[in-house]
Amino acid sequence: MGIAPVIAQTRSLYKEQQADIERFEVAIAQYLAGEIEEDVFRVIRLNNGVYGQRQGGTNQMVRIKLPAGTITPEQLELMAKLSTEYSRGWGHITTRQNIQFHFVELTKMPALLREIAEVGLTSREACGDTVRNVMACHLAGACPHEKLDVTPWAEATFRHFVRNPLGQRLPRKFKVNFSGCSTDCGQAMFNDFGVVATSRTNEDGTVEP
Ligand code: HEM
Ligand code: SF4
């Protein structure tokens with residue numbers, strides 16, 4: 001008997017993201033109606049990349065992941081628009097290559113999440129006890145010293161772990177970093193899991209990254 005071939009399916013992050021946002025929208029309505037406990041809502045909120053703020057009211061902070069620290073002009077323009085429409089006209093670029101906006105009204109959060117989904121970004125698992133944004137060294141793809149461009153590896157790691165059932169309730173947050181050479185600007189050596197690109201010389205003298 002032959003073995004049936006396995007056809008690799010490309011995961012549609014966009015579809016998964018739309019389903020997430022719908023679920024989050026329902027949870028927000030239930031929370032504001034007092035139907036779910038603060039503790040239950042907190043886990044849902046954090047796994048969707050949203051932190052509570054303690055100034056009272058329902059203003060929240062949203063952290064948007066930039067896997068491998070990459071952002072396109074279209075995405076950057078959207079960040080500017082979001083900062084004025086939902087926040088205070090500015091945001092923070094963080095140490096882990098995220099962009100975060102404070103003072104976003106909780107009820108407007110699903111609309112913001114839909115806007116970032118449209119340009120291929122997500123805040124999913126940017127907070128909470130999850131696999132956080134996967135970083136690459138800041139010059140990845142453009143550095144004269146790199147052994148190879150680590151960007152595709154960092155992006156693949158992000159895609160593998162985001163919404164992965166294994167990563168939803170970890171004992172604590174988990175951080176993955178990549179560097180293109182041993183200078184390690186990407187700080188792979190002091191994160192939870194780090195990859196540093198290297199190369200080897202083959203018998204025929206060719207160098208393989
Ligand atoms: C007012 C207090 C603090 C604020 C507002 C704050 C804020 C932040 C922010 C916004 C990030 C980046 C998050 C991301 O992009 O995922 C971060 C990362 C981090 N924070 Fe804090 N933090 C505070 C206190 C602390 C303290 C007290 C420690 C440790 C003793 C700490 C340790 C870290 C570490 C290790 C990282 C990750 C850095 C990296 O991977 O590059 N933070 N913090
Ligand atoms: S770690 Fe190496 S490849 Fe990456 S930016 Fe630094 S020097 Fe360049």
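The values are calculated or read from the model by the stated rules, or taken from the named source; none is laboratory data. All values derive from a computational prediction rather than experimental measurement. Here the Cβ is made from the backbone with ideal geometry for all residues, glycine too, and neighbour counts use every protein chain on show.
A few notes on this one:
- Looking across GLY167, GLY180, GLY141, one residue alone is at pLDDT 95 or above and on the phi < 0 side of the Ramachandran plot. It is GLY180.
- Failed criterion for ASP204 (all others in (1) under 19 Å from LYS65 (Cα atoms); (2) part of a loop (DSSP other than H, G, I, E, B) hold): (1)
- For ASN133, the conditions (1) surrounded by fewer than 17 Cβ atoms within 10 Å (Cβ to Cβ); (2) within 15 Å of ligand 1 (Cβ to nearest atom) all hold with the exception of (1).
- Segment 158-196, residues that are outside any loop (DSSP other than H, G, I, E, B), within 16 Å of ligand 2 (Cβ to nearest atom) and buried (at least 17 other Cβ atoms within 10 Å of the Cβ): VAL176, ASN177, PHE178, SER179, ALA188, GLY194, VAL195, VAL196
- Listed by first and then second residue, the pairs with beta-carbon distance under 8 Å, at least 6 apart or on different chains, first residue in segment 91-119 and within 20 Å of ALA27 (Cα to Cα), second at pLDDT 95 or above and part of a loop (DSSP other than H, G, I, E, B), are PHE103/SER87; PHE103/ARG88; VAL104/SER87; LEU113/SER123; ILE116/SER123.
- ALA117 being within 15 Å of the chain's Cα centre (by Cα), crowded, with 17+ Cβ neighbours inside 10 Å and outside any loop (DSSP other than H, G, I, E, B): yes
- Qualifying residue in segment 39-53 (condition: under 13 Å from the mean Cα position of the chain (by Cα) and in a strand (DSSP E or B)): yes
- Test result for ARG124, within 25 Å of GLN30 (Cβ to Cβ), touching an Asp or Glu at 6+ places or on another chain (Cβ under 8 Å) and not assigned by TED's automatic domain parsing to the domain that holds ASN59: yes
- Residues that are in contact with a Pro (Cβ under 9 Å, 6 or more places away or on another chain) and within 26 Å of VAL150 (Cα to Cα) do occur in segment 67-78.
- Count of residues meeting criterion [under 12 Å from HIS145 (Cα atoms) and either of a type in the set (A, V, I, L, M) or within 16 Å of ligand 1 (Cβ to nearest atom) (or both)] in segment 174-203: 4
- Single condition LYS81 does not satisfy, out of (1) part of a helix (DSSP H, G or I); (2) in contact with a Cys (Cβ under 7 Å, 6 or more places away or on another chain): (2)
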